[in-house]
Amino acid sequence: ILRGIMVSLFCTFCSDDPGVYSEAKKRCEAFLEDPSAVGVLPTDIKVPVFKIYLKNGGEQEYEAVKAYYYKAKDNAERKTVLNSLGSTNVEKLKVATLDWTTSGEIKLQDFFYAIGSVSRSGKEGRTITWKYFQEHHERLKEMLGNSSPSLMDAVIVMSAGSFASLEKAEEITKFFKENPYPKNERKIAQMTENMRANGKFLNILQASDLSKPEFWDSL
């Protein structure tokens, strides 16, 4: 458990460290070359190591990880790809991830994981994913058809739920008033309420001494 936590922290805070990237690259490429070598890249660290590899790479690294989706022997392994791909720092590849996962090629019960990987990848990813949803929501609604409303709940939260801003909460609320989703109203209300709470808390932090470098320098 500790190993998984530590590698996830490296992914979040030290992914551009040369030593961290070098180790992630070595393990990723060895595993992708021979997926049977499970000891090279254990399950508990696979997603954060894939993410480090993707953050520092380009199209070649992206395609290598994506190709593993088609080689993976079970759904849990395929999900490691879906949960990682959006971490690429290349904008066009983030959009390509959204296009791929909403193309119908991915199972309906899984496709939203890749949407989440883009939105959770940072500020740019959040913006790209929300814009993509606004532009394609009618197609996504058609794609999900009469499936469980919980799937659209997941798509909406993955696409719009990563913001911590009062302004974004208002923007998202306005969008769903103009484009009603009756079966998802409760989830949308919960999402925007949480967003407002986080936005208020962020405003308090930004107005406090905690946001000032001199506070931390004085410790």
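Out of the range 133-187, which residues are among the acidic types (Asp, Glu), surrounded by 15 or more Cβ atoms within 10 Å (Cβ to Cβ) and free of Cβ contacts under 8 Å to residues at least 24 places away in the same chain?
As a first pass, look at the range 133-187 and keep what is among the acidic types (Asp, Glu): 135, 138, 142, 153, 167, 170-171, 178, 185.
Checking which are surrounded by 15 or more Cβ atoms within 10 Å (Cβ to Cβ) leaves us with 153, 171.
Result: Glu171, single match.
Which of the numbered conditions does Ala164 fail, given that it passes all the others? Conditions: (1) in a helix (DSSP H, G or I); (2) within 30 Å of Ser103 (Cα to Cα).
Ala164 satisfies all of (1) in a helix (DSSP H, G or I); (2) within 30 Å of Ser103 (Cα to Cα) except (1).
Report whether or not Val38 is free of Cβ contacts under 8 Å to residues at least 12 places away in the same chain and either buried (at least 17 other Cβ atoms within 10 Å of the Cβ) or not in a helix (DSSP H, G or I) (or both).
Values: free of Cβ contacts under 8 Å to residues at least 12 places away in the same chain: yes; either buried (at least 17 other Cβ atoms within 10 Å of the Cβ) or not in a helix (DSSP H, G or I) (or both): yes.
Yes; evaluated as a whole, the condition is true for this residue.
Please list, ordered by first then second residue, the pairs with beta carbon atoms under 6 Å, 6 or more apart or interchain, first in the range 105-118 and open to solvent by less than 10 Å² (accessible area, probe 1.4 Å), second basic (Lys, Arg).
These pairs meet every condition: Val118/Lys94.
Of the conditions (1) open to solvent by 40 Å² or more (accessible area, probe 1.4 Å); (2) free of Cβ contacts under 8 Å to residues at least 40 places away in the same chain, Asp44 fails just one. Which one is it?
With (1) open to solvent by 40 Å² or more (accessible area, probe 1.4 Å); (2) free of Cβ contacts under 8 Å to residues at least 40 places away in the same chain applied to Asp44, the lone miss is (2).
Within the range 13-35, work out how many residues are surrounded by 11 or more Cβ atoms within 10 Å (Cβ to Cβ), free of Cβ contacts under 8 Å to residues at least 24 places away in the same chain and not charged (D, E, K, R).
So the count comes out to 4.
Determine the pairs where a residue that is under 21 Å from Phe163 (Cα atoms), located within the range 198-219, has a partner that is of a type in the set (S, T, N, Q) and surrounded by 10 or more Cβ atoms within 10 Å (Cβ to Cβ) with Cβ atoms under 7 Å apart, the partner being 6 or more residues away or on another chain.
If the second residue must be of a type in the set (S, T, N, Q) and surrounded by 10 or more Cβ atoms within 10 Å (Cβ to Cβ), the pairs left are Gly199/Ser165; Leu205/Ser211.
Residues to consider are Ser8, Ser22, Ser103; find the one that is touching a helix residue (DSSP H, G or I) at 6+ places or on another chain (Cβ under 7 Å) and not basic (Lys, Arg). Please lay out each step first, then the result.
Details: Ser22 fails: touching a helix residue (DSSP H, G or I) at 6+ places or on another chain (Cβ under 7 Å); Ser103 fails: touching a helix residue (DSSP H, G or I) at 6+ places or on another chain (Cβ under 7 Å).
Result of the check over Ser8, Ser22, Ser103: Ser8.
List the helices (runs of 4 or more DSSP H) inside the range 84-148, counting only whole elements, that have at least 1 residues being farther than 22 Å from Glu61 by Cβ and of a type in the set (S, T, N, Q). Steps first, answer last, please.
Details: elements: 91-101, 112-119, 123-144.
It comes to 123-144.
Determine if the range 51-63 includes at least one residue that is touching a Cys at 6+ places or on another chain (Cβ under 7 Å) and of a type outside the set (Ser, Thr, Tyr). Let's see the steps before the verdict.
First pass over the range 51-63, keeping only residues touching a Cys at 6+ places or on another chain (Cβ under 7 Å): 51-53.
Subset that is of a type outside the set (Ser, Thr, Tyr): 51-52.
Yes, that holds for at least one residue.
Filter the range 119-128 down to the residues that are farther than 19 Å from Tyr53 by Cβ and free of Cβ contacts under 8 Å to residues at least 40 places away in the same chain, then identify the one that is least open to solvent (accessible area, probe 1.4 Å).
First pass over the range 119-128, keeping only residues farther than 19 Å from Tyr53 by Cβ: 119, 123, 126-128.
Keeping just the survivors that are free of Cβ contacts under 8 Å to residues at least 40 places away in the same chain gives 123, 126-128.
Working: Lys123: 156, Arg126: 67, Thr127: 73, Ile128: 22 Å².
Among those residues, the one meeting the criterion is Ile128.
Quick one: which residue in Lys46, Lys73 is outside any loop (DSSP other than H, G, I, E, B) and of a type in the set (Lys, Arg)? Lay out the reasoning, then the answer.
Details: Lys73 fails: outside any loop (DSSP other than H, G, I, E, B).
On inspection, the qualifying residue turns out to be Lys46.
How about the range 91-104: which of its residues are buried (at least 20 other Cβ atoms within 10 Å of the Cβ) and either over 15 Å from the mean Cα position of the chain (by Cα) or without any contact (Cβ under 8 Å) to a residue 40 or more places away in the chain (or both)? Break it down stepwise before answering.
Initial filter on the range 91-104 (buried (at least 20 other Cβ atoms within 10 Å of the Cβ)): 93-94, 97-98, 101-102.
Hits for the range 91-104 are Leu93, Lys94, Thr97, Leu98, Thr101.
Taking the conditions exactly as written (hydroxyl-bearing (Ser, Thr, Tyr), open to solvent by 70 Å² or more (accessible area, probe 1.4 Å) and either touching a helix residue (DSSP H, G or I) at 6+ places or on another chain (Cβ under 8 Å) or under 27 Å from Ile52 (Cβ atoms) (or both)), does Thr88 satisfy them or not? Don't jump to the end; show me each part of the working.
On the way: hydroxyl-bearing (Ser, Thr, Tyr): yes; open to solvent by 70 Å² or more (accessible area, probe 1.4 Å): no; either touching a helix residue (DSSP H, G or I) at 6+ places or on another chain (Cβ under 8 Å) or under 27 Å from Ile52 (Cβ atoms) (or both): yes.
So Thr88 fails the test.
Which one is farthest from the chain's Cα centre (by Cα) among residues in the range 52-85 that are crowded, with 18+ Cβ neighbours inside 10 Å and of a type in the set (A, V, I, L, M)? It would help to see each step written out before you state the result.
Of the residues in the range 52-85, the ones crowded, with 18+ Cβ neighbours inside 10 Å are 52-57, 61-62, 65-66, 68-69, 78, 80-85.
Of the ones still in play, those that are also of a type in the set (A, V, I, L, M) are 52, 54, 65, 81-82, 85.
Working: Ile52: 13, Leu54: 13, Val65: 15, Val81: 11, Leu82: 9, Leu85: 8 Å.
It comes out as Val65.
The values are calculated or read from the model by the stated rules, or taken from the named source; none is laboratory data. Source: prediction; values computed, not measured. Positions of Cβ are backbone-derived with ideal geometry, glycine not excepted, and every protein chain shown enters the neighbour counts. Keep in mind that these areas ignore ligands, DNA and RNA; they rest on the heavy atoms of the full protein, side chains included. Shrake-Rupley method; radii C 1.70, N 1.55, O 1.52, S 1.80 Å.
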